[in-house]
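Notes follow once the structure below has been shown.
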Amino acid sequence: MPQANTKLQKLIILSLMVALDVVLSPLFRIEGMAPMSSVMNIIGVTLMGPFYGTIMALTCGLLRMLLLGVPPLALTGAVFGAFLAGIGYKYSKNIYVAMLGEIIGTGLIGSLLSYPVMVWFTGSATSMYWFIYTPRFFGGAISGSLIGYLGFMKLEKITKFKRIQTLFKGEELDGYESKKPINE
């Protein structure tokens, strides 16, 4: 398969994942929590890997900020979780490690970095504390990771999902059949 065709396929899949994330995140949102962002991070990194998964989270955060008026929490909440989940899944091939990466990245790192970002964004530090976002971010990351796990368990059984994973692993695809067995 030509290199340009493979890159185009990856960009199309990335675009579809971004569109799903941007549409679903505000629909299934609890005030102060965005569990669908964590769901999409888990599914995105298991499908596309850490690089494309992090690009997806970054793009979605920027689009939510620009189109939906969401504060910069959209970035701090999603990007670190996607990156750590992606790295965890890439090296362990274990969904539980990806979930742990999402929970630590979003629930802990993202929540702690949200305080200085929001102080900068609002210009006010009154009545804001370092751990103000932590309970909500942890709640969203844990519930979203669990839902993402359930989604992944269903998607993992679908042949097309496995073929797309193969595409992002850099293995060449010959038509729709991989040169290497999918089970490897």
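The values are calculated or read from the model by the stated rules, or taken from the named source; none is laboratory data. None of the values given here were measured: they were computed from a predicted structure. We place every Cβ from the backbone using ideal geometry, glycine too, and count neighbours over all the protein chains shown. We work out accessible area using only protein heavy atoms, side chains counted, and drop any ligands, DNA or RNA first. Shrake-Rupley method; radii C 1.70, N 1.55, O 1.52, S 1.80 Å.
Quote to one decimal, in nm, the extra length available between LEU11 and LEU66 on full extension: 0.36 nm per residue of separation minus the C-alpha distance between them. Please list the in-between numbers first.
Numbers: separation 55, 0.36 × 55 = 19.80 nm, distance 2.12 nm.
Taking LEU11 through LEU66 to full extension adds about 17.7 nm, to one decimal.
Principal axis lengths of region 47-137 from Cα atoms, whole Å, largest first?
Answer, in whole Å and largest first: 44, 27, 15 Å.
Given R₀ = 25 Å, FRET efficiency for SER92-PHE51 by Cβ-Cβ distance, to 0.05? Spell out each step's value before the answer.
Numbers: r = 17 Å, r/R0 = 0.67.
For SER92 and PHE51, the calculated efficiency is 0.90.
Roughly speaking, to the nearest percent, how much of region 37-95's 1.4 Å accessible area is carbon and sulfur?
Working: 1700 of 2240 Å².
About 76 percent, which is the carbon plus sulfur part of the accessible surface.
Please list MET56, MET153 from largest to smallest accessible area, probe radius 1.4 Å, with all protein chains kept in place.
Details: MET56 0, MET153 65 Å².
Most to least solvent-accessible, the answer reads MET153, MET56.
In whole angstrom, how far apart do the alpha carbon centroids of region 143-171 and region 84-104 sit?
Answer, in whole Å: 13.
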